Amino acid sequence: MAEKTYNVAVVGANGAVGEEIVTILQEIDFPLNKLVPLASARSVGKSIDFNGSSISIIELTHDIFEKEEIEIALFSAGGSVSATFAPSAVKAGAVVIDNTSHFRMDKDIPLVVPEVNPEDISMWKKSGIIANPNCSTIQMVQALKPLDDVYGLKRVDVSTYQATSGAGKVAMEELVTQMQDFFAFKLSESEHKAFNQQIALNVIPQIDVFTENGYTKEEMKMVNETTKIMHKNVALSATCVRVPTLRGHAEALTLTFEKDILADEAREILSKAPNLVILDNPDEALYPMPSTCVDKNETFIGRIRNDMYAKNMLHLFVVADNLRVGAATNAVRIAQKWIEIEEGKLI
Ligand SMILES: NC(=O)c1ccc[n+]([C@@H]2O[C@H](COP(=O)([O-])OP(=O)(O)OC[C@H]3O[C@@H](n4cnc5c(N)ncnc54)[C@H](OP(=O)(O)O)[C@@H]3O)[C@@H](O)[C@H]2O)c1
């Protein structure tokens, strides 16, 4: 139990990620004194429901953190909003937990997945900020860490199947509208703004912009963030694909280790790791899918099998709710660990 209760701001409280943060804070026993939902001037006049009462959304301004005596500020309103307003929250004495990519690769800012590198949180005082990794990185490193500890991870090859909600609420609406247009026989006229291609009845092998090396920014986030979180130069090659689902990212992983690995042993190790759930029984067609993970705070793993040619390679399928595990849940878990550290109960 925490010793005190905290004033918490959620920046982007009515966005896809912000709404999940607010929901999780109600579901768990978070030591909350006051919740302050913040968004842009567009949202003033709107409210959020919290534990049976309605709380008005307040416009994000530089002085709001000091005025509301915020101690923990959870940001998910886009990189430029974090760049502009996170320093004001820090100046007001709050710890910032940032869901955007803006601060992730800054060497003075810890990038944390609590199941993998909780010890990095204690570095937060350098900047006042703790960064939350990319959604596709979080669920992957949760599965990599327990296996790396035993077999020594050498290389990761990953293909992702990422839901539209990864690009925010507008992107989910775009998929729904295009499907409605399909049933009205006018899909060819349907607009696409959130994605640069039609997403309904399609898959798009591009997430974010391309970089000079031919990989997309999303793919390079998986490479660079994995190295920073695991404190290890893992060779990693990613192909990130947007698929026409609403929620839940899936990843097909091919892992190469220093040592030989048996699928049964790997299954046993993963089943004991925190916040992982094994769903792996081909006889019963049991494996994780996006529909398995919606609204869940665990990462689901199945299709665990040996490579047919190399004894040090393993294949598996990893699925998690991108809005929860890939964003909101991880941010709230960081806040919980931060509280434990600040209250001298951990590390
Ligand atoms: N979706 C995911 O799976 C995921 C995962 C990890 C990280 N992230 C990151 O989290 C951030 C938010 O993503 P999202 O999916 O929640 O987006 P979203 O659904 O589009 O929501 C954006 C939120 O930010 C607020 N906002 C936008 N501009 C603002 C401004 N100038 N000042 C104050 N508030 C502003 C919006 O409020 P208004 O309605 O008032 O504009 C809204 O509450 C992004 O940086 C994204 O990359 C998303």
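The values are calculated or read from the model by the stated rules, or taken from the named source; none is laboratory data. Quick caveat: nothing in here was measured; it's all calculated off a predicted structure. Backbone-built Cβ (ideal geometry, glycine too); neighbour counts: all protein chains shown. Note: areas computed on protein heavy atoms with side chains; ligands, DNA, RNA excluded. Shrake-Rupley method; radii C 1.70, N 1.55, O 1.52, S 1.80 Å.
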Requested in this report: Can you tell me the dipole magnitude for segment 150-237 around its Cα centre, using point charges on the Cβ only (Lys, Arg +1; Asp, Glu -1), in Debye to the nearest 20?
Outcome: 480 debye
Query raised in the report: Taking 1 over the mean of 1/r across every pair of different Cα atoms in segment 257-317, what Kirkwood radius in Å do you get?
Result: 12.4 Å
**Report entry** Computed E for ASN213/ASP49 - FRET, C-beta separation, R0 45 angstrom, nearest 0.05
**Finding:** 0.50
Requested in this report: Distance from a point 7 Å along Cα→Cβ of MET179 to each backbone N in segment 195-210: keep the residues under 12 Å and list them by number.
Outcome: 200-202
**Report entry** Accessible area expressed per residue, the chain, with surrounding protein chains retained (probe 1.4 Å, Å²)
**Finding:** 45 Å²
Query raised in the report: What nm distance separates the two modelled labels at GLU258 and LYS186, each placed 7 Å from Cα along Cα→Cβ?
Result: 6.2 nm
Query - Solvent-accessible surface ranking, highest first, for GLU251, GLU173, GLU71 at 1.4 angstrom - result: GLU173, GLU71, GLU251
Query raised in the report: What value, in deg cm²/dmol to 500, does the helix sum -39500 (n - 2.57) over DSSP H runs of n ≥ 4 give at 222 nm once divided by the residues of the chain?
Result: -9000 deg cm²/dmol
Query raised in the report: Probe 1.4 Å, all protein chains in place: accessible area of TRP124 in Å², nearest 10?
Result: 30 Å²
**Report entry** Distance (nanometres) between label positions extended 7 Å along Cα→Cβ at VAL294 and LYS345
**Finding:** 3.4 nm
**Report entry** Radius, Kirkwood style, for the chain when every pair of distinct Cα atoms is counted (Å)
**Finding:** 20.9 Å
Query raised in the report: Pairs LYS107/LYS228; LYS91/LYS125; LYS228/LYS272; LYS4/LYS345; LYS145/LYS272; LYS169/LYS193: which exceed 18 Å Cα-Cα?
Result: LYS228/LYS272
Report summary line: Relative to the compact-globule estimate 2.2 N^0.38 Å (N residues), the Cα gyration radius of segment 214-310 stands at a ratio of 1.19
Report summary line: Ignoring trypsin sites (Lys or Arg not before Pro) buried by more than 11 other Cβ within 10 Å or outside DSSP loops, the longest site-free run in the chain is 5-106
**Report entry** Dipole magnitude of segment 236-329, debye to nearest 20 (Cβ charges: Lys/Arg +1, Asp/Glu -1, about Cα centre)
**Finding:** 320 debye
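Could you look at the chain and say what percent of its accessible area is carbon and sulfur, using a 1.4 Å probe and all protein chains?
Ligands and nucleic acids excluded, carbon and sulfur reach 52 percent.
Taking the Cα centre as origin and putting +1 on Lys and Arg beta-carbons and -1 on Asp and Glu beta-carbons, what dipole magnitude results for the chain, to the nearest 20 debye?
The dipole magnitude comes to about 460 debye.
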Report task. State which helices in the chain qualify, where a helix is a whole DSSP H run, it must extend 15 Å or more along its own axis by its Cα atoms, and its mean Kyte-Doolittle hydropathy must be at least -0.5. Result -> 16-27, 79-91, 135-151, 169-183, 329-342
Report task. Excluding ILE58 itself, calculate the net charge of residues whose Cβ lies under 10 Å from the Cβ of ILE58, where each Lys or Arg counts +1 and each Asp or Glu counts -1. Result -> -1
**Report entry** Label-to-label distance, nm, for residues given as HIS231 and MET123 (7 Å Cα→Cβ offset)
**Finding:** 0.9 nm
